[in-house]
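Every read-out reported here was derived from the displayed coordinates using simple, explicitly stated rules and does not represent laboratory data. Given the structure is predicted, the values throughout are model-derived calculations rather than measurements. Cβ atoms come from the backbone with ideal geometry, glycine included; neighbour counts cover every protein chain shown.
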Amino acid sequence: MKYLKTFESQTNCKLASDIVRLEMIEEFLEIVKEEPEYNIEEPEYDSLLDTWDGYKWQTYIQNDLKNNKIIYWEGWVKECWDAVYNKPDYKGLNKTDVINKIVKERFPLIAKDLNMKIIDFDYWYEESWTDGVNNGYIMKIIFGF
């Protein structure tokens, strides 16, 4: 991953998790150049919350490029919460405050690196009825060009 090696000089993002997000979006944008219909459907919510058989990093990027947008989806599983609560900026915050803080403070830096802007975002608590899939928050961020 190019940014993880020299991220301070290559990106506005300073946290490894944001650099991984940035690189996933860049990889997605490369794929849709060759496959314009790639990921045009919404994700399966259970796959966003399944750490074993779900989407890589519990993340899905939806292709809405016909409207000059992409939609970034991320499921928040136990490992995500463990990692975020290890950072001093998030200690003592409840889960919805954590998500709001991340979207409002960290995602604009990702958008800036992509020459995009955040159009809208949403998140909600999703209950799964599938064995082996935990309940959790799903975050949805709409980026526009």
How large is ³J(HN,Hα), in whole Hz, for each residue of the stretch 57-70 in order, when computed from phi with the Karplus curve 6.51 cos²θ - 1.76 cosθ + 1.60 and θ = phi - 60°, using x for Gly and Pro?
6, 6, 10, 9, 10, 8, 8, 10, 5, 4, 10, 6, 9, 10
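Quick one: order Arg106, Arg21 by neighbouring beta-carbon count within 10 Å, fewest to most.
The fewest-first ordering by Cβ neighbours comes to Arg106, Arg21.
Please give the length that would be gained between Lys78 and Asn134 if that part of the chain were fully extended, namely 0.36 nm times their separation in residues minus their C-alpha to C-alpha distance (nm, one decimal). It would help to have the intermediate numbers written out before the result.
Details: separation 56, 0.36 × 56 = 20.16 nm, distance 0.87 nm.
In short, 19.3 nm is gained.
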Could you tell me which of Tyr90, Ile61, Val32 has its Cα farthest along the dipole of the chain towards the positive end, charges placed at Cβ (Lys, Arg +1; Asp, Glu -1), taken about the Cα centre?
Tyr90
What FRET efficiency, computed as 1/(1 + (r/R0)^6) with R0 = 41 Å and r the Cβ-Cβ distance, is obtained for Glu44 and Lys91, rounded to the nearest 0.05?
0.80
FRET efficiency (Glu37, Asn115; Cβ distance; R0 35 Å; to 0.05) is 0.90
Among Asp18, Asp97, Asp113, whose mean-square fluctuation peaks in a Gaussian network model of the chain (Cα, cutoff 10 Å)?
Asp97
Given the rule -39500 (n - 2.57) for each run of at least 4 DSSP H residues, summed and divided by the residues of the chain, what is its mean residue ellipticity at 222 nm, to the nearest 500 deg cm²/dmol?
-11000 deg cm²/dmol
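Please compute, over every Cα-Cα pair in the stretch 26-141, the percentage with a separation greater than 17 angstrom.
For the stretch 26-141, the fraction of Cα-Cα distances above 17 Å is 59 percent.
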Can you tell me the dipole magnitude for the chain around its Cα centre, using point charges on the Cβ only (Lys, Arg +1; Asp, Glu -1), in Debye to the nearest 20?
880
Glu34 neighbourhood, Cβ < 15 Å, K/R = +1, D/E = -1, net charge -4
If Lys and Arg each add +1 and Asp and Glu each add -1, what is the summed charge of the other residues whose beta carbon sits under 12 Å from the beta carbon of Asp97?
+2
Dipole of the chain, positive end: most advanced residue of Trp124, Val20, Val77 [Cβ charges, Cα centre]
Val20
Go through the stretch 29-112 and name the GluC sites (Glu not before Pro) that are in a DSSP coil and have 10 or fewer other Cβ atoms within 10 Å of their Cβ.
Glu37, Glu41
